Structures are given as C-alpha cells and as structure tokens.
Amino acid sequence: MIKSVEDLNQAARAFRAALGRIRRRVLVCHGTGCVANGSPKVYEALRRELGARGIEADLEYLLEHEGATAPAQVEKSGCHGFCQMGPLVRIEPEGYLYVHVSPEDAPEIVEKTVLKGELIERLTYTLPGTERHFAREEEIPFYRKQERRTLAACGRIDPEDIREYIAWDGYRGLARALTEFTPEAVCQEVLAAGLRGLGGAGFPTGKKWEAVRKAPGSKKYVVANGDEGDPGAFMDRSIMEGDPHKVIEGMLIAGYAVGADEGYIYVRAEYPLAVERLSRAIAAAEKWGLLGENILGTNFSFRIHINKGAGAFVCGEGTALVSSIEGQRGMPRTRPPRLAERGLFGCPTLLNNVETLANVPFILREGAAAFSRIGSPTSHGTKAFALTGNVANTGLIEVPMGTTLREVIFDIGGGIRGGRNFKAVQIGGPSGACLTGEHLDLPLDFESLKRAGAMMGSGGLVVMDDHTCMVEVARFFMDFTQRESCGKCIPCREGTSRMLEILERIVAGQGTEEDLNLLEELAVTVKETSLCGLGQTAPNPVLSTLRHFRSEYLAHVRDKRCPAGVCRALRRLVINPEKCRGCGRCARVCPAGAISGQLKSPFTIDLKRCLRCGACRESCSFHAIEEVN
C-alpha cells in the first residue's frame, strides 16, 4: 500500500532494483495485432523453455531477497507499433528486436540469446530488397524518425503489472501535482506546455481544464474518450492496451486540477483487450492506494469507472458520449451549455481523449518546458498516427508535431508498396480530407493542416497509390458517415443520404455534370448547418476530392470511364485478337451472352450487353481478355 510520496519513491526504487537484477527480460508483444498473429503461443513456448531449465525469474522473490538475481524473465508487453512484423519479441538489456517470431523459435531464442546473449540474425528485421539486418528497434528505419513519448513504455513494460509502471517513474507526475502545485497551477502548467486536444479539434487543453475548474458546482467529472471510431485508427486502443496506468494517472491529475472526484473511461466494447487491461489497472491502482480515498496521503480522492460503448461513431462526439454514459441513446445535444458547464448527469465535465490525457503525466513530471521542446511553434509535443493503406510499412507511429508527410510516408513508411506512385493520403478519417503530392512537404501540425483544408483528426493516415479511384474513396467514407449518422438533425440525416445517392450514381456510370454541382452544393450545406461534428465534417472527403481530383469525377460522368479501373460498372473488357486462340471458353461462361465469334478465330465482346462481371477474364487461359479505361 502506497500512502505517501515517500512510499511511492521507495517503491519505485525497489521495483527498479529488482527488475535490474534480472539478467535478461524477454518482452513478447501482446498488442491486438501481435495477439492476432499468434504472440500468446510464442509467450507460452518461451515460458515453457525457461521453465524446463528452472531459470525464470520471480519478481516477488527478488523483492523479498534484496541480493538475489535471476537469469531471465518472460513478460507480456504492449504494442511496439511495427504491427505487420509481428509477433515481435524484444530482449533486454541488449535491445534486440526479433520479428515474425514463431513458437518453434523459442528453444533457439532461449539457448542463444537469453542464456548467452548471442544475436539470432535470421530473426531480425531485414530491409526489403537488401541483405541489411537491423538488430535493435531504434536502428530500424521505421523507428528512426519517430519520437516515442506517449508510447515510450509500450513494448518496454508489462501493462498488467503496476510495479513496472511505477519503476518507470509512473505516478510521479501525480505526486508532484498533489504536493507541489495548486489545482490552478496544474491548469497553468498544462496551458504553458502547449498541449492541445489530440482527438481532432486541437483546442488548448489547459483552457478547457480552467473552464471546468471555474465552473460552479460541487460535483464534477472527468471523462476519457477512448471510443476511437475512425476506420483504421488504433492509437487510443494501443495506449489503453500497452500503458493503461498512464491514462489513469492523466485522469487523476485532471481530476485534481478541475476539482472532480470521479471519472469515466468510455471505451468501445470492440476493444476487449483494452477493457481487460484498464480493468486490471484500475483494480491494481486501488489495491496500491493510488485510486480511492486520500491518495498519497492528501485530501484528494478519486474513483474511475469503465463504460463500454456499443460502437456508434457518433458517440465520439462529446455530448453524444455523455448521453450514452447516462444510459440514453447516443445523440448530440445543442450547445450551449457546453460540457464544461453542464455535462455528465448535469454536472460540469472535463472530456479529453485518451492520447491527450496520456501526455499529461510527462508534463507534470518533467515540466512544461520539457514538453514544448519538441514540435512546431504552435503545435507542441508529439502525435501518434495509425499508418495504413498502400504503404510498405504499416503500423502505429509517433512523431514530433511538424514532421512532414513525406517523412512519414517515405522515411518511416518506406514508400508506396510495390513500387507504385503516391497519389493521395486521407488524414483524419471520415472527418478528414485527402492531401496530394503537392502536400508532401506539409508539416503535420494543426495550423498547416487547417490551411490545406484538412484536419488532424484522431490520427488516421490512409495512404493511396495510383490504382486508387478517388470517387470511390469519397463514396466509401460517405457510406460510413451516412450509416453512422444518428438522424437527429435533417441536414446530416437527409443531406448525407442524398450525397451518397449521387456518389453511387457516379460510380455506377449514371452520373451527370449536374450531379457534381448538386453534390458540391449539398456538401457545403451539410457542413454549415449540421448540429454536431459528425455532420459538419462528413462532407470533407467529398469536398477535398472534388477540389484535387475533379478530373476523375469528370471522367466518370462525361466519358463513363474510371481512370483507376476500380469502378466495376465502368470497366470495359475487350478481347485482344493477337492473344485470342478462338477456344470459345469465354463465350460459354458469359452469363449475358455478350461474347460471340467463330471457333479458332478471335472472339469479340458486345460492350452494351456486357455485365462487367469478369467471368470471361477468369476463364481465359491465354490472358486475352484485357481491361481498358
């Protein structure tokens, strides 16, 4: 039980010393991606190998016997970020990182690396197209330009053991806040650090905290938004899974700053591992006296609850999220009053997303100046992004604010997969916009993105190559936001439906130039008149693709042609007479009877009757049927 700051310091020293007496720590990634790739089997295989030799460490024993040492310990860790290389295994203290590890590799890892410290080169990352091996994580190009601050402990500690978090200076930011700062001073420190909301809006966090602190009322709440509904985004999930105590510590500091004694973590039920680890972390913090009554011997008390969301995208919006916690249907409310004035259960409420709160312990531990030392002049600190799409290296990254798109896509991401050409990147998910080659040197910070007509969003980055149809991209995102609209306000409910109908007509080859004018008019109307952020940002992908790729829209409506060859209704299949052997197999499988010809002579396709199903192409052994744009 930790009852004072001195107890916390003593515990940190003891835990660090005990961990330091383990000769080698084997950390097996247990983030969702690696778990899906079989990392639990790798973990069990390594434990069996060490158990068979009777050498695995027992942290409890090391804590009880000050001079004792241990050869090795196998632990679970959070997400390393390089998800496509999983399962990942990190060996400390050498810092070796092994990729694509299988259970069959366990005996060799134990025999060579754990017991002898030898590197197994075949298990290290190899740069594609070369024979260059990289033994350590920080040497790999994927990590070289990253600044892992919020994600620093992910992959380095066991997220299910509070003692390891404490050993990493965990809860020291809280200790400083409670003993060296007044609530007002905490708000000012966060404001001085320049931390801004990392869920999308970029509002100064300190200002939001100060507004809740000053709001009248004896009962206040802190809510952590871990809903994260953007397709392809998993930043908050990885933090909650890999370093849950950092989120809890951030909430505790926020609670002290604004005068709240209770908090909720709103996390979608589709994140079962995050829910499990947060639950374990809350129970452990309560057991050790870091949650509950009179924390660290002060008069500050705080409790945290977990609320599992049902997966509605609209519940990422603050007022809809609050309604959901209250047991009501997740629908936005009109503002004012704002949540800072009247939020959860009618009380002043501070709502920050998980990544924002996870940055707070560093600020209180190291100071505002240390936090603002990296980043751009107006956007301080770092930002985590989920890098996905047609890029060579996909995964979770964290970079200083102001890092350019070119650095992210080509240095960290390794360029476009398959050597193809870069076409666009969708930033900010369904609420964001497409950026093109002319934006590759754009700094990733709030102001630069806003000037380019885009937004940071929660941090999703979907990279697209020259085989991507931008009209289909706009249709995909509009289909998502239309499905996720709560239907409360007419502009969003009806406007997104009409926009989707137009986009579906265009990709089906039935669109007109008048449709483009109507689509743009509808997009502006929905953006300007919708009630909440979902409707106000839903047209962004449409408006940005119309602005940067209007020629593609015109090709669809004027020429009935998809330049990327993606839209099935606009595909045109022809038979190359030089390749056709006249076997007639294509004619036999055509469901529309659109193919005719004489045996042993080239056949032809009637494009008016062709269904564009591709059955003929699949049946042709001579690759004579080709697609033209």
Scan of the stretch 523-535 for residues that are buried (at least 18 other Cβ atoms within 10 Å of the Cβ) and not hydroxyl-bearing (Ser, Thr, Tyr), ordered by number: Ala523, Val526, Lys527, Leu531, Cys532, Gly533, Leu534, Gly535
Out of (1) within 28 Å of Gln328 (Cβ to Cβ); (2) buried (at least 19 other Cβ atoms within 10 Å of the Cβ), what's the single condition that is false for Gly311? (2)
Write out, first by first residue and then by second, each pair whose Cβ atoms fall under 9 Å of each other, whose residues are 6+ apart or on separate chains, and whose first residue, in the stretch 49-71, is of a type in the set (S, T, N, Q) and at pLDDT 90 or above while the second is surrounded by 14 or more Cβ atoms within 10 Å (Cβ to Cβ) and part of a loop (DSSP other than H, G, I, E, B). Thr69/Arg21; Thr69/Ala57
Under 25 Å from Arg329 (Cα atoms) and among the aromatic types (Phe, Trp, Tyr), is that true of Phe549? no
Any chance the stretch 397-419 includes a residue that's in contact with a His (Cβ under 8 Å, 6 or more places away or on another chain) and either modelled with pLDDT of 95 or more or more than 17 Å from Ser544 (Cα to Cα) (or both)? yes
Given the structure, is Arg48 on the phi < 0 side of the Ramachandran plot and buried (at least 17 other Cβ atoms within 10 Å of the Cβ)? no
Residues that are farther than 17 Å from Arg136 by Cβ, in contact with a Lys or Arg (Cβ under 9 Å, 6 or more places away or on another chain) and not polar (S, T, N, Q), drawn from the stretch 146-160: Ala153, Asp158, Pro159, Glu160
Given the options Gly457, Gly428, Gly495, Gly418, name the one that is more than 18 Å from Val314 (Cα to Cα) and either in contact (Cβ under 8 Å) with a residue 12 or more places away in the chain or hydrophobic (A, V, I, L, M, F, W, C) (or both). Gly418
Tally time: how many residues in the stretch 605-629 are in contact (Cβ under 8 Å) with a residue 24 or more places away in the chain, part of a loop (DSSP other than H, G, I, E, B) and of a type in the set (D, E, K, R)? 1
Evaluation of Arg237 against (1) at pLDDT below 95; (2) part of a loop (DSSP other than H, G, I, E, B); (3) over 26 Å from Arg373 (Cβ atoms); (4) not aliphatic (A, V, I, L, M) (one fails), failing number: (2)
Going through the stretch 40-64 in order, the residues found to be of a type in the set (A, V, I, L, M, F, W, C) and assigned to a helix (DSSP H, G or I) are Val42, Ala45, Leu46, Leu50, Ala52, Leu59, Leu62, Leu63
With the requirement that a residue be of a type in the set (Ser, Thr, Tyr) and modelled with pLDDT of 95 or more, what does the stretch 192-232 give you? Thr205, Tyr221
Among the residues that make up the stretch 50-69, is at least one of them in contact with a strand residue (DSSP E or B) (Cβ under 7 Å, 6 or more places away or on another chain) and closer than 30 Å to Gly389 by Cβ? no
Could you list, in sequence order, all residues of the stretch 1-41 that are hydrophobic (A, V, I, L, M, F, W, C) and farther than 21 Å from Leu59 by Cα? Val5, Cys34, Val35, Ala36
Does Thr388 fit the bill of being of a type in the set (Val, Ile, Thr), in contact with a helix residue (DSSP H, G or I) (Cβ under 8 Å, 6 or more places away or on another chain), crowded, with 18+ Cβ neighbours inside 10 Å and over 30 Å from Leu191 (Cβ atoms)? no
Considering each of Val190, Val258, Val212, Val222 in turn, give the residue that is of a type in the set (A, V, I, L, M, F, W, C), touching a Lys or Arg at 6+ places or on another chain (Cβ under 6 Å) and touching a residue at least 60 places away in the same chain (Cβ under 8 Å). Val258
For strands (runs of 3 or more DSSP E) lying entirely in the stretch 69-138, having 2 or more residues that are of a type in the set (Val, Ile, Thr), buried (at least 22 other Cβ atoms within 10 Å of the Cβ) and outside the structural domain of Ala386 (by TED's automatic domain parsing) picks out 89-92
Would you mind finding the one in Gly343, Gly327 that is in contact with a strand residue (DSSP E or B) (Cβ under 8 Å, 6 or more places away or on another chain) and of a type outside the set (Ser, Thr, Tyr)? Gly343
Touching a helix residue (DSSP H, G or I) at 6+ places or on another chain (Cβ under 6 Å), touching a residue at least 60 places away in the same chain (Cβ under 8 Å) and either on the phi > 0 side of the Ramachandran plot or not assigned by TED's automatic domain parsing to the domain that holds Gly330 (or both) - does that describe any residue in the stretch 500-508? yes
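To keep it simple, each residue is scored yes or no on (1) β-branched (Val, Ile, Thr); (2) surrounded by 24 or more Cβ atoms within 10 Å (Cβ to Cβ); (3) within 22 Å of Met240 (Cα to Cα); (4) free of Cβ contacts under 8 Å to residues at least 12 places away in the same chain.
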residue: Thr334; (1), (2), (3), (4): yes, no, no, no
residue: Phe345; (1), (2), (3), (4): no, no, no, no
residue: Glu355; (1), (2), (3), (4): no, yes, yes, no
residue: Val360; (1), (2), (3), (4): yes, yes, yes, no
residue: Leu364; (1), (2), (3), (4): no, yes, yes, no
residue: Ala384; (1), (2), (3), (4): no, yes, yes, no
residue: Ile409; (1), (2), (3), (4): yes, no, no, no
Does Cys489 satisfy being within 24 Å of Ile427 (Cβ to Cβ) and either within 30 Å of the chain's Cα centre (by Cα) or in the same structural domain as Gly415 (by TED's automatic domain parsing) (or both)? no
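Matching residues to (1) over 16 Å from Trp209 (Cβ atoms); (2) modelled with pLDDT of 95 or more; (3) of a type in the set (Lys, Arg); (4) touching a Lys or Arg at 6+ places or on another chain (Cβ under 8 Å):
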residue	(1), (2), (3), (4)
Arg333	yes, no, yes, no
Pro337	yes, no, no, no
Cys347	no, yes, no, yes
Asn352	no, yes, no, yes
Asn359	no, yes, no, yes
Glu366	yes, yes, no, no
Could you tell me which numbered condition Val473 fails, if it satisfies all but one of (1) assigned to a helix (DSSP H, G or I); (2) without any contact (Cβ under 8 Å) to a residue 60 or more places away in the chain? (2)
Among the numbered criteria (1) buried (at least 23 other Cβ atoms within 10 Å of the Cβ); (2) over 24 Å from Pro87 (Cα atoms), which one does Asp169 miss? (1)
Touching a strand residue (DSSP E or B) at 6+ places or on another chain (Cβ under 6 Å), closer than 30 Å to Asn421 by Cβ and either charged (D, E, K, R) or surrounded by fewer than 24 Cβ atoms within 10 Å (Cβ to Cβ) (or both) - does that describe any residue in the stretch 470-488? no
In the stretch 513-573, which helices (runs of 4 or more DSSP H) lie fully inside it and hold 1 or more residues that are free of Cβ contacts under 8 Å to residues at least 40 places away in the same chain and among the β-branched types (Val, Ile, Thr)? 513-529
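The values are calculated or read from the model by the stated rules, or taken from the named source; none is laboratory data. Just so you know, these numbers come straight off a predicted model, no measurement behind them. Glycine gets a Cβ as well: all are built from the backbone with ideal geometry, and neighbour counts include every protein chain shown.
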